[in-house]
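Step one of this worksheet: look at the structure below.
Nothing in this text is a laboratory measurement; each read-out follows from the coordinates by a stated rule. Worth saying up front: this structure is predicted, and the values here are computed from it rather than measured. A quick note on method: Cβ atoms are made from the backbone with ideal geometry, for glycine too, and the neighbour counts reach across all protein chains shown.
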Amino acid sequence: MDHRQSLPFAQALKDTLNRGYTRQNVISDLTAGATVGVVALPLAMALAIASGVAPQHGLYTAIVAGAIIALTGGSRVNVSGPTAAFVVVLLPIAQQFGLGGLLTAGAMAGVILLFMGLARLGRFIELVPYPVTVGFTSGIAVVIATLQLKDFLGLPVGALDGHYWDRLGTLLAAVPEMHAANALVGATTLAIMVAWPRLGLRFPGHLVALLAGTLLSLLLARLGPDWTVETIGSRFTWTTGGQNGQGLPPFLPQWQWPWLQPGPDGKPLGLSFGL
């Protein structure tokens, strides 16, 4: 076997060094890495929350997956990160089977994709009509945007079950009770995200929106309890090894097989090959 094919990272690194890797390249790569990291990590936590699990699981996934992709991707210009398209797939799994079911399904999907890659089945994606791809992604965008109205507006509704129209009806009925501070912070962040690219500035708009939304929430909190916006630290709790706390766990996660993680009833999911 050609070692250049078995170690794509090594070959990409060798090619880069042969072309010359200057100090300016180092500075540019560090700047790009820091920028992507600052944007991708909050995004990963947000998508974990949207998928029905605690934010730290998105954080762990982004770090581990990012490192693996960088070492095995074979390109020095790879950019990897979480994708929102899977939220509509992962959320029902997490609701029905818990974290253990979600991680087990993810591991199974990874194995299937690995075998599909080895079998060179990726070429069949060329047979999918372009309108199908556009319709699929557009539908996902609409569903995700709708589901985020609950937190965007601070609506006092519980878990959203049922079909899309049932969920939309529940959300619309709760709009008169929206939380003004949540809506203001969300609208400000969204407005910056939309308007920033039109300014033609090189500074990443995602980072500006993140900082502006955070500062605005801190300022609003000074107006009183009614203007306090929930944060990851105040909304989420963790329990590990008999310890518990608010926000994100301050230590590294312990290794466990996916099926040993809690299911919908809080007990380990277990693994069974029975039908």
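How long are the semi-axes of the equivalent ellipsoid of region 139-215, taking √(5λ) for every eigenvalue λ of the Cα gyration tensor, in whole Å from largest down? Walk me through the intermediate numbers first.
On the way: eigenvalues 155, 45, 15 Å².
Equivalent-ellipsoid dimensions as semi-axes: 28, 15, 9 Å.
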Report summary line: Check: C-alpha center region 225-257 vs C-alpha center region 92-149, spacing in Å is 28 Å
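Can you run the Rg to Rh ratio on region 153-266? Use alpha carbon positions and the Kirkwood inverse-distance Rh. Display every interim value, and only then the final one.
Values: Rg = 18.6 Å, Rh = 17.6 Å.
In region 153-266, Rg relative to Rh is 1.06.
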Query - Calculated FRET value between residue 18 and residue 123, using beta carbons and R₀ = 30 Å, to 0.05 - result: 0.45
Query raised in the report: Dividing the Cα radius of gyration by the Kirkwood radius, what Rg/Rh value follows for the chain?
Result: 0.98
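Regarding region 84-147, what whole-number volume in Å³ per residue does the convex hull of its Cα atoms give?
Output value, Cα hull per residue: 86 Å³.
At 20 Å minimum axial length over the Cα atoms and a Kyte-Doolittle cut of 0.0, report the qualifying DSSP H helices in the chain, or say none. Mind showing how you got there, number by number?
Working: long enough: 23-50 (40 Å, 1.28); 55-72 (26 Å, 1.15); 87-118 (32 Å, 1.91); 130-147 (26 Å, 1.63); 180-199 (28 Å, 1.23); 205-221 (24 Å, 2.03).
Result, helices passing both filters: 23-50, 55-72, 87-118, 130-147, 180-199, 205-221.
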